[in-house]
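Below you'll find the structure, written out as structure tokens, and then a few comments.
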Amino acid sequence: MTLSALLIGNETLTAQCGEHLLGRGHGIAAVVTRSAEVARWATGRGLRVEGYGPDLAQRLPQADWLLSIANLTVLPAAVLARATRGAVNFHDGPLPAHAGLNAPVWAILGGEAEHGITWHLIEGGVDEGRILEDRRFAIAADDTALTLNTRCFEAGMESFPAVLAQLETTPQPRPQPAGPAQLHRGADRPAAFGRIDFAQPAAGVARLVRALDHGRYWNPLTTAKIDTGTRVLNVGSAEPAEGKGTPGSVLSATPEGLVVACGTGAVRLNRLTCQVRGGAVCPSTVTEPALAPLPPDEAARLTAALHEEAPPDAALRRALAQLAPLPLAVRPATTADWQSLPLAAPLAHLALAALRATGADHADLAVHAPGLPGYLAAWEPLRVTAGEIGPALAAVTEALARPATGWPLDLMTRDAALQGIAPPPLGLSAAGPVEGTAVTLTPTALHHDAARIDAPAAAALASRIAHVAAQIATAAPETALSALSALTGTERHEALTRWNATEKHHDRSLMVHTAFEAQAASTPDAPALAFEAETLTYTQLNARANRVAHTLIAMGVGPGTLVGLSTRRSLDLVVGALAIQKAGGAYVPMDPAYPAERLALSPRTARRR
């Protein structure tokens, strides 16, 4: 029996199962994905591709079955209703033991001996549907989140033919088994921001690191971390090591790894990265004799901080990936030297004024956040966009009203594309500079780092922002931000009047060729003209021009005569121009490269080659 399916997912497994569907002679009515790779596969197979969105149900055709494979988005009832026979989901964990998201991570963290995958009907709550097929396998001692997830995908591919065999006939779903049930939600995070507690046995420490090791792929949770007392470092791998000592004692620090004593045994930590700047850190650079302990109150504080950050994590990641800093000419960051200039306006007005003052249509500013040293950045990006002043001002005001928490610094390790992210050069703060910016605007002052921006440039920027902010305060809401004057009165006078004050008295008896002759008399042997490998002195150039001028005069050239000058760039070009003027005529440039039709439009002239 052939069937049609709606295929929804975002991983290689999605395409692999889709390929198997087609190979069995079934049809795919549409592929829904946000993965470019899956979309390329579908397009290459001539399949209809749709993106996610609130109107997805209206865009989807009907089909027999909906197959959610490597899809982490909860599908609304209207989308599920497009499948007339039902919907099936692939889950990368055993049900009901590990329902929800990131099941491989939680299985390793929980010390599970085995894991598995489940194909189930989409019915009831999240991952509560009856089971069509499942597989179980042992968790290896060296399994990481990456390897266990890969094994889940392999088990999914191996078991999909059995699922498809049921769909081709009459499915025989069975209830989920009784037993402990856990639902892991998207906002769930490991305790203490992933910070390692070396009071645990070495096996527990290694298990935490393995559970959070996603290799080079996106890590949606957090990283394992150590606190050296002077910096917080991410840990990518851990393995048991020889040695013992007080928990947290550094037994050795070499390029081969950082060996640390645990409650029982020791571990060797590797693949260390910097929390603040991103990038690899050699274990040998850890010089502290012991790593900071993790008392219960500190663990609780870190757990609460990560729990508060979890909901906006995805939005902050997108904002950082699309960061477009305000264009300010500043020097690289060094030791900050903060200076202040008076400025008075609401922050939202200042944000729009800064955008207009620099001529940008949109830009990201760094908004101050409390942060958490070593864990959360002390700023968040705020996208400011030009448009009508009323709506633009409302959008910025609303954004500033939301409390900023900062973003997890381990994002620079969890997402390689974000490595080395730095604050935009211009920041906003209720009071005081935003660390890492070159200029910070507050309601009462413009703070500037004198090590990155000169005092005159900072003063000019402050004047310009104040000038635009004053216009914003009185402008009608429908006024376009671009309609406001970005230049102060002084700058406008400078640009339009002073810089254009080029009027100068000239001796009308002095002409180009006579001025040249005077210079030739003053410096006869000095180089006057050079082209490629040839140079003429003033005497030589004057003599050549005189000879040509006599020829032109003999041809009838005199005052009021237009003479065509058609030659390539060369010494002759200048000789000809001078000669025509010496003869009393005026030259008409006629580039040999011009089309013949254009040259034919030039006045009737003599021509010099």
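The values are calculated or read from the model by the stated rules, or taken from the named source; none is laboratory data. What you see is a predicted model; the values in this text were computed from it and never measured. Note that each Cβ is placed from the backbone with ideal geometry, even for glycine, and that neighbours are counted across all protein chains shown. SASA here: full protein model, heavy atoms, side chains in, ligands and nucleic acids out. Shrake-Rupley method; radii C 1.70, N 1.55, O 1.52, S 1.80 Å.
Only one of the numbered conditions (1) at pLDDT below 95; (2) closer than 18 Å to Asn89 by Cα; (3) not aromatic (Phe, Trp, Tyr) is not met by Thr2, and that is (2).
Within the range 125-152, the set of residues being of a type in the set (Val, Ile, Thr) and at pLDDT 95 or above comprises Ile131, Ile139, Thr144, Thr147, Thr150. Whenever a residue of the range 540-559 is under 18 Å from Leu571 (Cβ atoms) and open to solvent by less than 70 Å² (accessible area, probe 1.4 Å), its partners that are among the polar types (S, T, N, Q) and part of a helix (DSSP H, G or I), lying with C-beta atoms within less than 9 angstrom and at least six residues away or across chains, give the pairs Ala545/Gln581; Ala549/Gln581.
Condition check ((1) open to solvent by less than 20 Å² (accessible area, probe 1.4 Å); (2) over 31 Å from the mean Cα position of the chain (by Cα); (3) closer than 23 Å to Leu121 by Cβ) across all residues:
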| residue | (1), (2), (3) |
| --- | --- |
| Ser4 | no, yes, yes |
| Leu13 | yes, no, yes |
| Leu60 | yes, yes, yes |
| Asp64 | no, yes, yes |
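For every residue, the table says whether it meets (1) touching a residue at least 24 places away in the same chain (Cβ under 8 Å); (2) of a type in the set (Gly, Ala, Ser); (3) over 18 Å from Val330 (Cα atoms); (4) surrounded by fewer than 21 Cβ atoms within 10 Å (Cβ to Cβ).
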site: Glu435; (1), (2), (3), (4): yes, no, no, yes
site: Ala445; (1), (2), (3), (4): yes, yes, yes, yes
site: Pro456; (1), (2), (3), (4): no, no, no, yes
site: Leu461; (1), (2), (3), (4): yes, no, no, no
site: Ala495; (1), (2), (3), (4): no, yes, yes, yes
site: Asn500; (1), (2), (3), (4): no, no, yes, yes
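Only residues that are assigned to a helix (DSSP H, G or I) and closer than 20 Å to Glu534 by Cβ: list them for the range 565-602, please. Scanning the range 565-602 gives Leu571, Asp572, Leu573, Val574, Val575, Gly576, Ala577, Leu578, Ala579.
Of the residues Ala431, Ala422, only one is open to solvent by 10 Å² or more (accessible area, probe 1.4 Å) and out of contact with any Lys or Arg (no Cβ under 9 Å at 6 or more places or on another chain); which?
Working: Ala422 fails: out of contact with any Lys or Arg (no Cβ under 9 Å at 6 or more places or on another chain).
Step by step, each of Ala431, Ala422 is checked, and only Ala431 is open to solvent by 10 Å² or more (accessible area, probe 1.4 Å) and out of contact with any Lys or Arg (no Cβ under 9 Å at 6 or more places or on another chain).
Do we find that Ala528 is outside any helix (DSSP H, G or I) and under 60 Å from the mean Cα position of the chain (by Cα) in this structure? For Ala528, the condition - outside any helix (DSSP H, G or I) and under 60 Å from the mean Cα position of the chain (by Cα) - is met. Per the conditions (1) under 26 Å from Thr222 (Cα atoms); (2) assigned to a helix (DSSP H, G or I); (3) among the small types (Gly, Ala, Ser), the sole criterion not satisfied by Ala187 is (2). Looking only at residues of the range 552-609 that are of a type in the set (Lys, Arg) and at pLDDT 85 or above, we find that the one that is nearest to Tyr538 (Cα to Cα) is Lys582.
Considering only the range 183-210, state which residues are closer than 22 Å to His91 by Cα, surrounded by 16 or more Cβ atoms within 10 Å (Cβ to Cβ) and over 27 Å from the mean Cα position of the chain (by Cα).
Applying the first criterion (closer than 22 Å to His91 by Cα) to the range 183-210 yields 183-190, 210.
This time we only want the ones that are surrounded by 16 or more Cβ atoms within 10 Å (Cβ to Cβ), so: 184, 186, 188-190, 210.
Listed by number, the residues that qualify are His184, Arg210.
Residues that are open to solvent by less than 20 Å² (accessible area, probe 1.4 Å) and in a helix (DSSP H, G or I) within the range 15-45 comprise Ala15, Cys17, Gly18, Leu21, Val38, Ala42, listed in sequence order.
How many residues, within the range 283-317, are in contact with a helix residue (DSSP H, G or I) (Cβ under 7 Å, 6 or more places away or on another chain) and in a helix (DSSP H, G or I)? Give the steps one after another, and end with the answer.
Within the range 283-317, the first condition is being in contact with a helix residue (DSSP H, G or I) (Cβ under 7 Å, 6 or more places away or on another chain), and the residues that meet it are 294, 299, 302-303, 305-306, 317.
Right, trim to in a helix (DSSP H, G or I) and you get 299, 302-303, 305-306, 317.
Looking only at that region, the number is 6.
Considering the range 269-282 alone, what residues qualify as being outside any loop (DSSP other than H, G, I, E, B) and either open to solvent by less than 70 Å² (accessible area, probe 1.4 Å) or of a type in the set (Phe, Trp, Tyr) (or both)? Lay out the reasoning, then the answer.
Going residue by residue through the range 269-282, those that are outside any loop (DSSP other than H, G, I, E, B) are 269-270, 272-274, 280-281.
Correct list: Leu269, Asn270, Leu272, Thr273, Cys274, Val281.
Counting only residues that are touching a residue at least 60 places away in the same chain (Cβ under 8 Å) and open to solvent by less than 70 Å² (accessible area, probe 1.4 Å), how many does the range 301-316 have? Walk me through how you get there before you give the answer.
Here is the first cut: in the range 301-316, the residues touching a residue at least 60 places away in the same chain (Cβ under 8 Å) are 302-303, 305-313, 316.
Adding the requirement that they be open to solvent by less than 70 Å² (accessible area, probe 1.4 Å) leaves 302-303, 305-306, 309-310, 312-313, 316.
Summing the residues that are touching a residue at least 60 places away in the same chain (Cβ under 8 Å) and open to solvent by less than 70 Å² (accessible area, probe 1.4 Å) in the range 301-316 gives 9.
I need the full set of residues from the range 230-243 which are closer than 18 Å to Asn270 by Cα and open to solvent by 30 Å² or more (accessible area, probe 1.4 Å), in order please. Hits for the range 230-243 are Arg231, Ser237, Glu239, Pro240, Glu242, Gly243.
Taking the range 329-350, which residues are open to solvent by 40 Å² or more (accessible area, probe 1.4 Å) and of a type in the set (A, V, I, L, M, F, W, C)? Steps first, please.
Within the range 329-350, the first condition is being open to solvent by 40 Å² or more (accessible area, probe 1.4 Å), and the residues that meet it are 329-342, 344, 346.
Passing the criteria: Ala329, Val330, Ala333, Ala336, Trp338, Leu341, Ala344.
Counting the residues of the range 502-526 that are touching a strand residue (DSSP E or B) at 6+ places or on another chain (Cβ under 9 Å) and either over 30 Å from Ala545 (Cβ atoms) or open to solvent by 40 Å² or more (accessible area, probe 1.4 Å) (or both) gives 4.
Considering only residues that are in contact with a helix residue (DSSP H, G or I) (Cβ under 7 Å, 6 or more places away or on another chain) and either open to solvent by 40 Å² or more (accessible area, probe 1.4 Å) or farther than 21 Å from Ala360 by Cβ (or both), which ones fall in the range 463-478? First the steps, then the outcome.
At the first step, the residues of the range 463-478 found to be in contact with a helix residue (DSSP H, G or I) (Cβ under 7 Å, 6 or more places away or on another chain) are 464-465, 468-469, 472-473, 475, 477-478.
Selection gives Arg464, Ala473, Pro477, Glu478.
Checked against the criterion of being surrounded by 23 or more Cβ atoms within 10 Å (Cβ to Cβ), among the β-branched types (Val, Ile, Thr) and at pLDDT 95 or above, the range 406-416 has no qualifying residue. Set side by side, the residues Ala324, Ala377, Ala353 differ, and just one is crowded, with 22+ Cβ neighbours inside 10 Å, at negative phi and out of contact with any helix residue (DSSP H, G or I) (no Cβ under 6 Å at 6 or more places or on another chain), which is Ala377.
Could you name every one of the strands (runs of 3 or more DSSP E) located completely within the range 318-429 that has at least 1 residues being free of Cβ contacts under 8 Å to residues at least 60 places away in the same chain? Walk me through it before giving the result.
Numbers: elements: 338-342, 362-368, 379-385, 426-428.
Of the strands (runs of 3 or more DSSP E) lying wholly inside the range 318-429, those with at least 1 residues that are free of Cβ contacts under 8 Å to residues at least 60 places away in the same chain span 362-368, 379-385.
Scanning the range 479-493 for residues that are outside any helix (DSSP H, G or I), at pLDDT below 95 and surrounded by fewer than 16 Cβ atoms within 10 Å (Cβ to Cβ) yields a total of 1.
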